[in-house]
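Working notes for the structure below.
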Amino acid sequence: MSRSRVLCVSADRSTRASLTLSLTDAPVDVIIAQRFVDAIDRLNHESIDAVVIDARTIANTAALVDAVESGTPTFVYQETDGDTGAVLARVTTPAADDESATRLSNTITEHIAAGTDAELPTEPEGDAGGSATADGTVAAERDLPDDLERLVSRVRSRLVDATSLLTVERVLREELTDGDRFAFVWLGEYDRRERAIIPWLSDPDATEWPLQQTFDIGTGDHPLLERVIRTRTLRTHQYDADTSGAVPFDDRAFERGVRSVAAIPLAANGDLYGVAVIYATERLSEHERDAVRAIAEAASHVLETIAVRGRLEQRERTLNRYERLVETAGDGMYVLDDAGHLMTVNDALVEMTGFSREGLLGEHVSILFDPEDIEAGKTIIRSLLASGESTDTLELSVETKAGATIPCEVQIAVLVPDGEFRGSVGVLRDVTERKRQERKLRERNERLDAFARIVSHDLRNPLGVAQGYLDLFEETGDSGYAAKTRNGLDRMESIIDDVLAIAREGEWAADTEPVDLESVAREAWGHVSTAEATLSVTETMTLSADRSRLLRLLENCFRNSIEHGETTETVRIGPLENDERPDAARGFVIEDDGEGLPAKLRDELFDPSASTSTEGLGIGLWIVREVATGHGWSVVATESESGGARLEFELDAQFSD
């Protein structure tokens with residue numbers, strides 16, 4: 001068992017030594033405080049089981065006594081001029097019949113008396129702060145006189161409709177000062193942050209008392225208030241002109257005949273809402289103290305109700321603000337319970353999905369998300385619960401009522417009030433446009449990658465051939481090698497033109513217009529070195545196309561037929577027949593009678609990395625694919641009836657004959 005701690009308050013060294021020596025053999029530890037403020041600090045921050053005060057060296061003894069916690073044995077040691085040596089006055093008693101406290105009191109009194117020959121008068125002063133009275137009667141069970149009963153009843157009746165702190169202050173001030181029992185009453189709020197009591201004043205003109213001030217707690221300047229805050233019990237103080245410093249407004253109160261002050265906390269269910277301070281011209285009777293307690297209890301419950309109502313109103317206002325934010329948000333928002341059922345959805349989600357609000361509420365989230373996305377969401381929720389993080393994001397698809405899917409990004413947060421998982425909140429953002437931009441960026445990056453392959457492969461081949469023929473020309477002087485060198489350089493120039501066109505123009509179908517197939521085909525044929533081959537147009541047609549881009553498509557098709565089909569004599573172009581509508585074409589076809597395409601290359605023919613010779617096949621046909629795709633056309637490589645290459649372009653009815 002730990003030893004009891006006795007606080008010895010004295011500014012005199014010899015007195016401290018005498019008191020300490022007198023308790024040497026007792027099972028206690030003596031704690032020393034040389035000043036009033038030191039004693040207050042120890043009382044506020046340390047566990048003290050008994051107090052001995054040297055009244056000769058500590059001036060404000062009464063205030064220090066009031067600062068001692070209720071139930072703590074307190075003794076005032078005072079030397080005399082006679083032969084008795086000293087008087088040790090016990091001024092407080094334990095609040096309850098606690099055996100250990102009694103043993104401690106006996107130990108202190110016996111040892112101090114033995115060491116100092118002190119007398120031990122035991123005149124109690126003030127209220128012990130408990131609910132039990134001196135004769136053992138419990139305050140709540142003692143009947144009040146009729147006038148006090150009526151006073152308590154009037155206060156309770158007027159407080160029924162009270163909705164503000166100032167109303168409570170006005171009711172208590174008016175009712176308690178309406179007779180001769182009490183001279184003045186004021187109420188104050190305890191500000192924990194500032195550690196001060198701030199008086200409430202509903203009507204400044206109703207009193208001449210200077211209530212426009214605050215009372216600091218913890219400094220020792222207002223021991224009565226400090227004891228009330230610390231003990232949460234009724235405290236009373238009787239004083240005269242010499243001991244009036246322990247109470248607020250002491251000088252003014254004394255001048256107006258006040259001789260007794262009661263301070264009581266206004267608290268309920270562990271929450272302190274304020275303090276009531278009551279001034280009387282006579283010592284408060286036990287019945288008057290009981291009435292004060294009853295009035296303070298009623299006021300405390302009203303203040304609790306006001307505080308709860310204020311918190312509820314504030315919560316409702318906050319909830320309304322959040323509801324407005326949720327409903328007006330552009331992103332879809334939902335709340336799921338712990339089993340994954342939709343509990344709340346906003347207008348944006350309703351509009352996004354096409355479901356009605358009633359059609360979504362109560363349904364499982366699988367009505368909107370596929371199983372894989374739901375499992376991914378569960379994984380995120382488990383991760384958030386384990387890590388303590390607030391939110392995380394997930395990309396998923398939302399399925400609408402019409403069966404369409406919308407790419408979305410959802411930000412997920414978990415609901416964990418009081419440490420228990422109750423569900424989750426999700427904010428859905430439609431990322432269709434972002435995905436479109438990402439796709440464009442990806443395609444652009446693919447195009448840049450194609451450029452790199454063109455430079456590293458297709459240009460290298462004709463460059464190597466041209467360098468080889470140039471070496472032969474230098475060795476032999478044969479002009480035929482010079483012509484072949486020029487052909488290689490021309491090929492390089494053609495490739496560079498195509499690459500620059502892609503880099504500069506980006507899109508392959510900027511401005512479409514009606515274009516005659518035969519006219520544009522013959523113009524493209526004139527741009528290509530065709531040797532002895534001829535162009536045959538089986539039939540013309542009109543199609544909607546970007547003429548300059550279509551020229552490039554046809555040039556590359558013709559060039560590929562001539563350069564990679566060494567036996568090609570004729571290149572034919574014409575409409576692609578429509579099996580369902582013989583009178584309408586579904587596209588156009590280009591074919592030759594040359595060597596044809598290797599079967600193994602047909603599937604990758606339009607990949608720019610594909611090649612069948614040192615001159616390179618891929619870039620030209622890759623450009624063909626890009627132009628066709630830019631127009632919304634499809635292109636398929638197959639074999640012509642004569643065994644040559646055949647390219648079929650299906651236009652999806654973007655033309656007319």
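All of the numbers you see were taken from the coordinates with simple rules; none came from a lab. Everything quoted here is computed from the prediction, not taken from an experiment. Glycine also receives a Cβ, built like all others from the backbone with ideal geometry; neighbour counts cover every protein chain displayed.
Is the C-alpha gyration tensor of the stretch 139-309 telling us rounded, prolate or oblate? Criteria: a/c under 1.5 is rounded; beyond that, a/b larger than b/c is prolate, otherwise oblate. Display every interim value, and only then the final one.
Working: a/c = 1.39, a/b = 1.09, b/c = 1.27.
Verdict is rounded for the stretch 139-309.
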Whether the stretch 330-428 is rounded, prolate or oblate, judged on the alpha carbon gyration tensor where a/c under 1.5 counts as rounded: prolate
Considering only DSSP states other than H, G, I, E and B, which GluC sites (Glu not before Pro) in the stretch 357-390 qualify as loop sites with at most 16 other Cβ atoms within 10 Å? GLU363, GLU389
Of the residues SER285, GLY362, ALA339, the Cα lying farthest along the dipole of the stretch 262-411 towards its positive end, which is defined by charges on the beta carbon of Lys, Arg, Asp and Glu, belongs to SER285
